[in-house]
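Following: one structure in structure tokens, then a few remarks.
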Amino acid sequence: MSNLEPLIADLALILICAGVMTLLFKSLKQPIVLGYIVAGFLASPNMPYMPSVTDMNGIHLWSEIGVIFLLFALGLEFSFKKILKMGAAPIIAAIAIILGMMYVGSLTGHLFGWSDMDCIYLGGMLAMSSTTIIFKAFDDMGLRQKRFAGLVLSVLIIEDILAIVLMVMLSTLAVSKEFEGTQMLTSILQLGFFLVLWFVVGIYLIPLFLRKLKPLMNEETLLITALALCFGMVVFASAVGFSAAFGAFVMGSILSETVEAKKIERLVSPVKNLFGAIFFVSVGMMVNMALIVEYIVPILCIIAAIMLGQTIFSTGAFLISGQSLKTAMQCSFSLTQIGEFAFILATLGTSLHVTSDFLYPIVVAVSVFTTFTTPYMIRLAEPAYKAVARILPKRWQAKMERNTTEEVKERETNEIRRLWRSGVKKYIFVILIYSVLSLALIALMFYYGEPLIAGLLPSPWAGIVTAVLTIVIIAPFLWGLMRQGGSGEDVDKLWASGAGMRVKLTALGLLRLAIAAAFISYIVGHTLPRSGLLGIFAVVAVALYIFFSPHLEKSNRQMTQTFTDNLNENEQSQ
């Protein structure tokens, strides 16, 4: 028991301080997350007049678990379908805001002579507004039903997913410690590959798994199963080179599409609140008043950079995405703070030992200040708009006030153009999904299946059996790659619209055939490297069989229907 006593004493101190501070901040109608940070400061060794924690390593471990639960819960509230339904406006705005604020943050750091890694991490921290703080501010001010509030929350969802991508990229950059474009591109492609693979396989298998075990599922077993899936994905994500938080987010987003999503979210919420509180308390423990006093000038400059950068870049981003000037300014003034992801990125930089010690307390101080100012900035949006409207030339104002979204819709009323864009998106989706699945299965067969078969059969039979089994396994996906979405009423209308469109459709069809043939050629060439003309004949024969096989068509349609049913299961049950 003696080994556990310091850990238990530290936990007791953390929860007592957190309990008192959250009650105080709740009574003051301030965000509870600030209460956690103050509690962490009071319980830290940096506060000499209070009892302090003794085992910081244990606290850091708990805080890492807290990040996992926070990202898992965020994934449970996330939906890929919601992103697709939002349209282009929030996506355009979010990307423009993140790029603009990362530049502002990096530039601010460079002005103070900080290291490149400090500047990059600072840019990432400033790029992410706080979903929790904005959501609470809208709720308290009765603005949740306003149109601009819906746009802001949509942008925050996009920012959350892009923040996960940014975490992975910064982790890769921290490990390599070099700014190599090729390596970064490889990391992004690897991220996209595993994201698509996990999502498709997860949506196909996990709802089936939960349905089969539903008679055995009560609240206790469902909670344990959900956490087992979460931490299983955490381990797998870490094994392939991604962060634990990314794995937790992916599993949460997969479970969000299941019929049990709301129940899992409710069951996980107390666990998330506990470990999330420990994480935010650990953030407060990093506050060092001496460092804050020493770096008061950079802190004030960063606050000014957030206020000015968000109002300018966000307004421009929302204007570009098709919003009126008033709506754009209301949205931009709502985003002038940093929060949870800034702490997570600061923790990441500290744990990887790539950021300076002063950056963490600076970011915490900036976050505390901008959190307090958020409601006032939201209220300031309308007076600021009226002031800008008085200054702007009437011609500019009329141009900015137009509803560009409606104009875009008018330009897209041409049916053939609409059908073509829809068809291209469908083809890209089909190529992406089936290519990723085929690559994953080929890799599994070559890395694990081939050595096993080679131990049982002599050469060249081992290679032949490996090639045949690999092709058999991926054949339904190759059929979908070559033929899915290539027929139907929309395709017939496009084909009948003219020779130019027929050339485009033929080119897309040939591209799909070429990709499928490349997969088959790689399998045959890998297992039978000296096959020559026989290999070419084998590739053509296999491709033709797959293309015309009614059995593979049936298998593909069944899998597609199961995936679609699982994806829509949550909506249909409501």
Quiz item: Looking at Leu508, Leu544, which is the one that is farther than 14 Å from Tyr434 by Cα and modelled with pLDDT under 85?
Solution: Leu508
Exercise. Pull up the range 267-301, narrow it to residues that are out of contact with any His (no Cβ under 9 Å at 6 or more places or on another chain) and small (Gly, Ala, Ser), then point me to the one that is surrounded by the most Cβ atoms within 10 Å (Cβ to Cβ).
Key: Gly284
Quiz item: Mind checking which residues of the range 58-69 are within 13 Å of Phe231 (Cα to Cα) and not small (Gly, Ala, Ser)?
Solution: Glu64, Ile65, Val67, Ile68, Phe69
Practice problem: Enumerate the pairs (first residue in the range 453-468 and assigned by TED's automatic domain parsing to the domain that holds Gly525; second residue anywhere and loosely packed, with under 13 Cβ neighbours inside 10 Å) with beta-carbon separation below 9 Å, excluding pairs fewer than 6 apart on the same chain, so at least 6 apart or on different chains. | Solution: Ile453/Trp461; Ala462/Gly455; Ala462/Leu456; Gly463/Pro529; Val465/Leu456
Quiz item: surrounded by fewer than 24 Cβ atoms within 10 Å (Cβ to Cβ) and over 28 Å from Phe72 (Cα atoms): does that describe Ile312?
Solution: yes
Quiz item: Restricting attention to the range 12-29, which residues are crowded, with 17+ Cβ neighbours inside 10 Å and under 34 Å from the mean Cα position of the chain (by Cα)?
Solution: Ile14, Cys17, Ala18, Met21, Thr22, Phe25
Quiz item: Taking the range 321-348 as the region of interest, how many residues are surrounded by fewer than 20 Cβ atoms within 10 Å (Cβ to Cβ) and either under 23 Å from the mean Cα position of the chain (by Cα) or outside the structural domain of Glu64 (by TED's automatic domain parsing) (or both)?
Solution: 0
Quiz prompt | First in the range 332-346 and under 11 Å from Thr315 (Cβ atoms), second anywhere and outside any helix (DSSP H, G or I) and at pLDDT 80 or above, Cβ under 7 Å, 6 or more apart | solution = Leu335/Ser129
Practice problem: Considering every residue within the range 349-359, establish whether at least one is in contact (Cβ under 8 Å) with a residue 24 or more places away in the chain, crowded, with 17+ Cβ neighbours inside 10 Å and more than 22 Å from Met102 (Cβ to Cβ). | Solution: no
Quiz item: Regarding Ile188, is this residue part of a helix (DSSP H, G or I), among the β-branched types (Val, Ile, Thr), surrounded by 19 or more Cβ atoms within 10 Å (Cβ to Cβ) and at negative phi?
Solution: no
Quiz item: What tally of residues in the range 87-106 results from selecting those that are more than 18 Å from the chain's Cα centre (by Cα) and without any contact (Cβ under 8 Å) to a residue 40 or more places away in the chain?
Solution: 2
Quiz prompt | Residues of the range 472-502 satisfying the condition of being without any contact (Cβ under 8 Å) to a residue 60 or more places away in the chain, within 16 Å of Leu419 (Cβ to Cβ) and not basic (Lys, Arg) | solution = Gly486, Ser487, Gly488, Glu489, Asp492, Trp495, Ala496, Gly498, Gly500
Quiz prompt | Test: Lys263 is of a type in the set (Lys, Arg) and more than 26 Å from Leu70 (Cα to Cα) | solution = no
Practice problem: Would you check if there is a residue in the range 475-484 being under 25 Å from Ser521 (Cα atoms), at pLDDT below 85, within 32 Å of the chain's Cα centre (by Cα) and not in a helix (DSSP H, G or I)? | Solution: yes
Self-check item: Of residues in the range 43-59 being touching a Ser or Thr at 6+ places or on another chain (Cβ under 9 Å), buried (at least 16 other Cβ atoms within 10 Å of the Cβ) and not small (Gly, Ala, Ser), the one farthest from Ile134 (Cα to Cα)
Solution: Val53
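The values are calculated or read from the model by the stated rules, or taken from the named source; none is laboratory data. These numbers were taken from a predicted model, which means no experiment stands behind them. A quick note on method: Cβ atoms are made from the backbone with ideal geometry, for glycine too, and the neighbour counts reach across all protein chains shown.
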